[in-house]
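Please treat every number below as a calculation from the coordinates, not as lab data. Everything numeric here is computed off the predicted structure, so don't read it as measured data. Glycine gets a Cβ as well: all are built from the backbone with ideal geometry, and neighbour counts include every protein chain shown.
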Amino acid sequence: MSIHIQNISKSFTSFKREAGLKGAFQSFINRKYETFHALQNINLDVDSGEIVGILGENGAGKTTLIKLMVGLLYPTDGSIHIDGYTPWKRKNEFLKQISVVMGQKNQLWWDIPASESFLLNQKIYEIPQAEYKKTLEELVQLLNVEDKLNVQVRRLSLGERMKMEIIAALLHKPKFILLDEPTIGLDVISQSKIREFIKFYNEEHNSTFLLTSHYMNDIQALCDRVFVIHKGHGLYDGNFNALVNKIKPQKKLIFEFPHAPAEDMIVSLQQEFEFNLIRNVVTAELPDKQLTKLLGSLFKLDDPVTFSVEELPVEDTMRTFFSNPEKFL
Amino acid sequence: MFKFLKKYSAVIKMTWIQTLEYRANLYVGLFSILSGIFIEYLIWKQIFVARGTELIRGFTLNELVAFIFLSMIVGQLKSSWVTSIEMIDAIRSGGLNKYLIRPISFYTYHLMMFIGQNSLFYMAYFTLIAAFPFIFPGLAFTTNFQVFGFLAALFLAVYLSYNMYYIMVCISFWFHEVRALVIAYNIANIILSGQIIPLRFFPEMYLKIITFTPLPFLVDFPVSIATGQLPTDMWASKFFLGFCWCLITWGIGKTLYYFGIKQYGGYGA
């Protein structure tokens, strides 16, 4: 399912008032409205089978873009075509091919077991009985929730509930799936299981995924391509690792000598490279080329007990990026 | 049509399952209407005794109690204010999203939920209605024609009432918080549609005004058919007028939704 977004803009009008009782009275008598531009001239094309991560700070416009793509909102300007459909016209044929999982909202009936909500979805999406049974079995096995199907939704843990939400969202085998913070609030194991599942499902069904997440590990594990939104503007569209390298091209080197190395050699190396030496262990954060050079020089001094070259934590890198995105692009 | 029925009958089934999940709530719901009827009976009995009269506005005590008994049941069955409050909340808090992203209609889904939630009460009330000829012999349902006429008028009242609440639901697209409006309408509706006191007890002026509104079709019309107070030769014209009100309110709701959904912000998600 291909997506074509052209010059999309969305503005909201809201009223503003000062804090306190006085402000409340003033606003009641004379309400002042202001327009907020949530998205401005966004362009994005996504091919069938891609997993694209949408990145941005809180309030950047990620969720607004998702809502426009599934037809929850009407744009102020621009157009979106998803396999020829205009989302906000909400044709049944289109709605049967999409699905949205919002980490903070649920579609399951709270007071009854999830299996009942699945049956309702079967009727809503007109899924033939045999196909429904097969898909449900497959999803339940993959997400490992066989024993939770007949438990009231409100009695499930957050992780179990999210898995059930994902099952409900995928029963009709949508071609286009939007995941808005799918791992929010989950523990590390549940996060990783959901990531594995998304990857598997995408490969198996060639479905198109759009994903927003504040957990950079989600993005790193799932998305080769990211689209960055900043203050309602599209800022970057491309490879995630390339973006990370652009922001902080350094890698981390840890090199442990068997004995204390000659001090004069270290001083001479420190004139060329920036690194630390504490108790026979060298640590450095350097760009690829420099790091290779330093590693060669260290090997000339002595064979290491152990050494490693690591990527810097992507969360830190992205935090640096979002503090001033224009600086890096 | 078959697919439509299959889809939305599943919603009714779900609401049954949910309602049965909480037995105490169901029992209390049933008990509340019975206690209301009993209180009304005691009040009117005292009024008749105090006035020392056998007739008030052409009603004997038994006729009046039978009329009010049926009015309260009809009033209860047609009132979708709880569903409306849920719908308004869905618009305010972004809960509407889950209906918009699926191939279902917000209007029909909630109509079916309302029917589903109420249908368990329907069964209990219909048992009461079935016992009516024995409790109040000769006062209601004296012919099969009246039974069918009552059922058709009840169906019309339920649908018309749902449409009227739906109009208020759609207003929340602009004003966001309109629950006070629904509650105010609900209270006014209980009195002004003849649910507690028969319409003919109201002043002439009020009766003249009310004939230009859909209110008489909500309670007075089905109950008047059941008790034989509406001559059969007037049924057709009344049904036609009631049907017109259904179309008008449906059209207003549809139009408000069409424009209102463009204002929707999908907040809370």
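Computed values, structure above
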{"item": "Given 12 as the ceiling on other Cβ atoms within 10 Å, longest exposed-site-free region of chain B for chymotrypsin sites (Phe, Trp or Tyr not before Pro) in DSSP loops", "result": "B:23-211"}
{"item": "For A:Ile189, B:Ile37, order by how many other beta-carbon atoms lie within 10 Å, fewest first", "result": "A:Ile189, B:Ile37"}
{"item": "Normalised contact order of the range B:1-154, rounded percent, pairs of Cα under 8 Å and 6 or more residues apart", "result": "33 percent"}
{"item": "Degrees, to the nearest 10: B:235-260 long Cα axis against longest axis of chain B", "result": "30 degrees"}
{"item": "Compactness of the range A:1-131 as Cα Rg over 2.2 N^0.38 Å, two decimals", "result": "1.38"}
{"item": "10 Å binning of all Cα-Cα separations within the range B:2-260, expressed as whole percents from 0 upward", "result": "6, 27, 35, 22, 8, 1, 0"}
{"item": "Cα-projected label distance for A:Asp77 with A:His37, points at 7 Å along beta-carbon direction, nm", "result": "0.8 nm"}
{"item": "Label-point separation, B:Phe240 to B:Thr53 (7 Å along Cα→Cβ), nm", "result": "3.7 nm"}
{"item": "Which listed pairs, of A:Lys231/B:Lys262; A:Lys123/A:Lys148; A:Lys10/A:Lys231, have C-alpha distances above 18 Å, in listed order", "result": "A:Lys231/B:Lys262; A:Lys123/A:Lys148"}
{"item": "The range B:69-202: C-alpha pair distances exceeding 26 Å, %", "result": "32 percent"}
{"item": "For the range B:2-260: lysine pairs under 30 Å (alpha-carbon distance), excluding those fewer than 8 apart on one chain", "result": "23"}
{"item": "Potential extension, A:Asn280-A:Lys89 segment - 0.36 nm per residue separation minus Cα distance", "result": "62.1 nm"}
{"item": "Per-residue mean of C-beta atoms belonging to partner chains within 10 Å, peptide B:255-266", "result": "3"}
{"item": "Whole-percent pair-distance distribution, where bins are 5 Å wide, for the alpha carbons of the range A:258-329", "result": "3, 13, 23, 20, 14, 10, 9, 6, 3, 0"}
{"item": "Volume per residue that the Cα convex hull of the protein assembly as shown spans, once the total is divided by residue count, Å³", "result": "224 Å³"}
{"item": "HN-Hα J in Hz across the range A:145-154 - Karplus 6.51, -1.76, 1.60, θ = phi - 60°, x for Gly and Pro", "result": "10, 3, 7, 10, 4, 9, 9, 3, 4, 5"}
{"item": "Spherically averaged projected area in nm², based on the convex hull that wraps the Cα atoms of the range A:190-329", "result": "11.3 nm²"}
{"item": "Hypothetical label at A:Glu272: residues of the range A:290-329 whose amide nitrogen lies under 16 Å (7 Å Cα-Cβ projection)", "result": "A:290-302"}
{"item": "With eigenvalues of the C-alpha gyration tensor scaled by 5 and rooted, the range B:49-111, Å", "result": "45, 12, 6"}
{"item": "Gain upon complete extension [A:Ser48, A:Asn239; 0.36 nm per residue less C-alpha separation]", "result": "67.1 nm"}
{"item": "Approximate spin-label separation A:Gln141-B:Phe259, in nm, with each point projected 7 Å along Cα-to-Cβ", "result": "5.5 nm"}
{"item": "Reachable aspartates and glutamates, given that their alpha-carbon falls under 20 Å from the alpha-carbon of A:Lys134 and they are not under 8 places away in the same chain", "result": "A:Glu116, A:Glu126, A:Glu146, A:Asp147, A:Glu165, A:Glu203, A:Glu204"}
{"item": "Sequence of A:Lys246, A:Lys62 once ranked by neighbouring C-beta atoms within 10 Å, starting from the fewest", "result": "A:Lys246, A:Lys62"}
{"item": "Sorted by Cβ density within 10 Å, fewest first, the residues B:Met14, B:Met164", "result": "B:Met14, B:Met164"}
{"item": "Longest segment of chain B lacking trypsin sites (Lys or Arg not before Pro) that sit in a DSSP loop with at most 11 other Cβ atoms within 10 Å", "result": "B:58-261"}
{"item": "Choice from A:Asn241, A:Asn280, A:Asn43 showing the highest fluctuation, given a GNM over chain A with Cα pairs closer than 10 Å", "result": "A:Asn280"}
{"item": "Cβ-defined net charge surrounding A:Gln26, 14 Å radius [Lys, Arg +1; Asp, Glu -1]", "result": "+4"}
{"item": "Computed [θ] at 222 nm, deg cm²/dmol, chain A (DSSP H ≥ 4; -39,500 (n - 2.57); rounded to nearest 500)", "result": "-12000 deg cm²/dmol"}
{"item": "Magnitude of the charge dipole, chain A, Cβ model with Lys/Arg +1 and Asp/Glu -1, debye to 20", "result": "1620 debye"}
{"item": "Reciprocal of mean inverse Cα separation for chain A (Kirkwood radius, Å)", "result": "23.1 Å"}
{"item": "C-alpha center-to-center spacing [the range A:1-56, the range B:68-86] in angstrom", "result": "40 Å"}
{"item": "Estimated dipole of the protein assembly as shown in Debye, rounded to 20 [Cβ of Lys and Arg +1, of Asp and Glu -1, Cα centre]", "result": "2320 debye"}
{"item": "Contour minus Cα-Cα distance for B:Glu177 and B:Phe2 (0.36 nm per residue)", "result": "59.3 nm"}
{"item": "Gyration tensor (Cα) of the range B:153-269, equivalent ellipsoid semi-axes in angstrom", "result": "31, 16, 11"}
{"item": "Cα convex hull of the range A:121-200, projected area averaged across orientations, nm²", "result": "5.6 nm²"}
